[in-house]
Amino acid sequence: MEELIWFSMPGAVIAAAIAATWPSTVDSEAKLLMWVVLVPVIGFIVHQLYRLLFETTGGYARESRTVLQYISNVLAPRENLTVPGPIKAFLIWEITFYSDDFPESFREHDRRMWHYILSFWSITLSATLSMSLCLIGYLVMSRSNSILLVAGAELIVAIVFYFKGRSSYQSLVRQETAMAHNHESIFLATLRKLEDLK
């Protein structure tokens, strides 16, 4: 049920913009029922589009991820090793993260937090697109003030969920780095095993 709610949120944000811009899409019970079915589908599609955007711009292996910088710039030099780029640092993180020696409780927490972060930002994307749709609808189709009110609400949603995602992200990357520091020996063991991997 929780997954359905998370996937429905980006869809609901888009549905609100469409309903405000084209009121005829919600003027009957049959159309409302159709939207009830479509909202989670649209939300899932938006969520997957955001995931695709996230992954094609570096994803979990992005160079700016703090724990990867820690592996490359702090742990590796201690062993007189070099980590040639974020991809290898990410492999070291992932192999250690999924090893039996790494705490399962943090693994579950990390996965859950990444799910929330990506969900927050997919809602941000959805709200930004929806706000644009409302403004285009206002300029091209109807000068209704209700469209501007919905556009304003979409802007607020975009800002709130962007900063919620950013705050969660900043907290999580600090936690990941602290875990790498706290479990330094198993990260160093992985690093040594992958020394020859370019």
message = For segment 53-70: of the residues being of a type outside the set (S, T, N, Q), assigned to a loop (DSSP other than H, G, I, E, B) and free of Cβ contacts under 8 Å to residues at least 60 places away in the same chain, which is farthest from Ser122 (Cα to Cα)?
response = Glu63
task = Can you tell me which residue within segment 76-85, out of those that are in a helix (DSSP H, G or I) and surrounded by fewer than 21 Cβ atoms within 10 Å (Cβ to Cβ), is modelled with the lowest pLDDT?
result = Arg78
query = Which condition breaks for Gln69 when tested against (1) in contact with a helix residue (DSSP H, G or I) (Cβ under 7 Å, 6 or more places away or on another chain); (2) surrounded by 14 or more Cβ atoms within 10 Å (Cβ to Cβ)?
reply = (1)
inquiry  = What pairs come out if I take residues in segment 125-148 that are touching a residue at least 12 places away in the same chain (Cβ under 8 Å) and pair them with residues that are among the acidic types (Asp, Glu) and crowded, with 20+ Cβ neighbours inside 10 Å whose C-beta lies under 6 Å away, six or more apart or interchain?
reply    = Ala127/Glu154; Ser130/Glu154; Met131/Glu154
Pick from segment 159-188, criterion closer than 19 Å to Ile95 by Cβ and among the hydroxyl-bearing types (Ser, Thr, Tyr), ranking: surrounded by the fewest Cβ atoms within 10 Å (Cβ to Cβ) = Ser185
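The values are calculated or read from the model by the stated rules, or taken from the named source; none is laboratory data. Everything numeric here is computed off the predicted structure, so don't read it as measured data. Here the Cβ is made from the backbone with ideal geometry for all residues, glycine too, and neighbour counts use every protein chain on show.
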